[in-house]
Amino acid sequence: MKDNFSNQNERDRLTPTEKESKLIGYDYAGHEVFESDSRIIFDGYIICEGDERDFLLTMGGDAVD
């Protein structure tokens, strides 16, 4: 099958080799969140997996240990 590339070098240069993670926003603490990250969106806040407790404390929750 014929393509529009003039040679193999051009084909290699213009063909993506891996999918880049796309930045989708920032979490409640200001950290970058990418499309591939596991996350929860609650009331407009992005919460990454494992940050649930810290999010609740940041929002005024009280810790009981």
For this session: Please give the number of the condition residue 8 fails out of (1) at pLDDT below 90; (2) within 15 Å of the chain's Cα centre (by Cα).
Result: (2)
Seminar exercise, completed: Exactly one of 43, 62, 27 is in contact (Cβ under 8 Å) with a residue 24 or more places away in the chain and of a type in the set (D, E, K, R), and that one is 27
Problem set entry | segment 15-24, residues that are open to solvent by 90 Å² or more (accessible area, probe 1.4 Å) and either free of Cβ contacts under 8 Å to residues at least 12 places away in the same chain or part of a strand (DSSP E or B) (or both) | 16, 17, 18, 19, 20
For this session: Please determine, by comparing only the residues of segment 43-65 that are over 12 Å from residue 24 (Cα atoms) and aliphatic (A, V, I, L, M), which one is least open to solvent (accessible area, probe 1.4 Å).
Result: 47
For this session: Answer yes or no: is there a residue in segment 34-42 that is more than 16 Å from the chain's Cα centre (by Cα) and either loosely packed, with under 11 Cβ neighbours inside 10 Å or of a type in the set (Lys, Arg) (or both).
Result: no
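The values are calculated or read from the model by the stated rules, or taken from the named source; none is laboratory data. The structure presented is a predicted model; accordingly, all values stated were derived computationally and were not measured. All Cβ positions, even for glycine, are placed from backbone atoms using ideal geometry, and neighbour counts span all protein chains on display. Just so you know, the surface numbers come from the protein's heavy atoms only, side chains and all, with ligands and any DNA or RNA stripped out. Shrake-Rupley method; radii C 1.70, N 1.55, O 1.52, S 1.80 Å.
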